[in-house]
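First comes the structure, then the notes that go with it.
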């Protein structure tokens, strides 16, 4: 009996302990104290739910809101684009013109005058030494244009300065031709360029300037930006389309000239005691005025003197002749000279005489016409020679339109 009573009391004590361990919440639900593990599980579950909502937002671009009186949707802000934005190209710079080491544009003024109004690089046109404006040149003919220019700036032109073609008709010339000499302020210089006349009729003009050793252009005029030019007239003769192929007068500066006293320039000075060579476009001979290209070769002012022009080789074709009119210029009444046309085959070897002509001031001139058939297909060097017939007195000898071509 006592044993039964003890067992009952033990069971009652155990039940009392169990009831005290289980507390009831006001809502009637048991309250538990979450553990760290259960908290982590809850957090993971919440993140998973949020991720699913994000994925659903991606799948539904424009979800239809549910008709709930009080909106329970969580406002999703307009997203900043989740796609990679197309950036403004950072490697497309604003276009700029990078200067290049070439001549400044035609008419550009890059110099600033000094206090006296002068420019460092500045040229003054003095005169046309050869080929004055509107000179008539046969078609497809080489010729030399020479300008006389003066350095009126305050800087010296060095050998690296150059003639430069600007615009209009280039006529086969090079773009840049070094002057190859030094020209100090106040000095003049003769500058030449080799050109070739067009094959069609018309007036043709090429504009030129100078450039310094930094390839900056300069020229003439008030701002040192003006051009000087060569202007010719070409007229194709329809009845004679085979006009002369090589003209010795217009090619005067392609020859080397030498007097008894030494070398001469192709554009000399009237009255030079060493003798002179001048290109003339409107000669007044002892019989008439003319407008054909002409060379004035005046031997040195001494007895037994002569002057010789040695030309580059000329290819002679079948039917070619050597032509020229020779004599004395008007007003030189004491003129007495001998003309010689000489040649050699190639650039060296024996020199032969094609013709010899004595000219006095007698109101007549001599027309030279030499058949060159025996030199066909040969490269021939020609020599134009004048001596003063042992007398030094007004030896103004001219070669009018000397050329090689068909009759």
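Each reported figure results from applying straightforward, stated rules to the coordinates on display, with no laboratory input. Model, not experiment: these values are computed from the prediction. Cβ atoms come from the backbone with ideal geometry, glycine included; neighbour counts cover every protein chain shown.
Quick notes on this one:
- Under 19 Å from the residue 334 label point (7 Å along Cα→beta-carbon), backbone N, segment 271-306: 271-276, 286, 297-306
- Full extension of the chain segment joining residue 356 with residue 287 gains 22.8 nm, where the gain is 0.36 nm per residue of separation less the Cα-Cα distance.
- Projected label distance in nm at residue 223 and residue 261, using a 7 Å step from Cα toward the beta-carbon: 4.6
- Take 164-171, 350-357 and order them by the average number of nearby Cβ atoms within 10 Å per residue, most first; the result is 164-171, 350-357.
- This ranking places 120, 253, 328 by how few other beta-carbon atoms lie within 10 Å of each, fewest first, which gives 120, 253, 328.
- Which of 158, 260, 130 has the fewest Cβ neighbours within 10 Å, and the rest in rising order: 158, 260, 130
- The residues 236, 277, 385, when put in order of fewest to most other Cβ atoms within 10 Å, stand as 236, 385, 277.
- For segment 244-407, alpha-carbon Rg relative to the globular expectation (2.2 N^0.38 Å, N residues): 0.97
- Distance in nm between pseudo-label sites at residue 184 and residue 214 (7 Å out along the Cβ direction from Cα): 2.4
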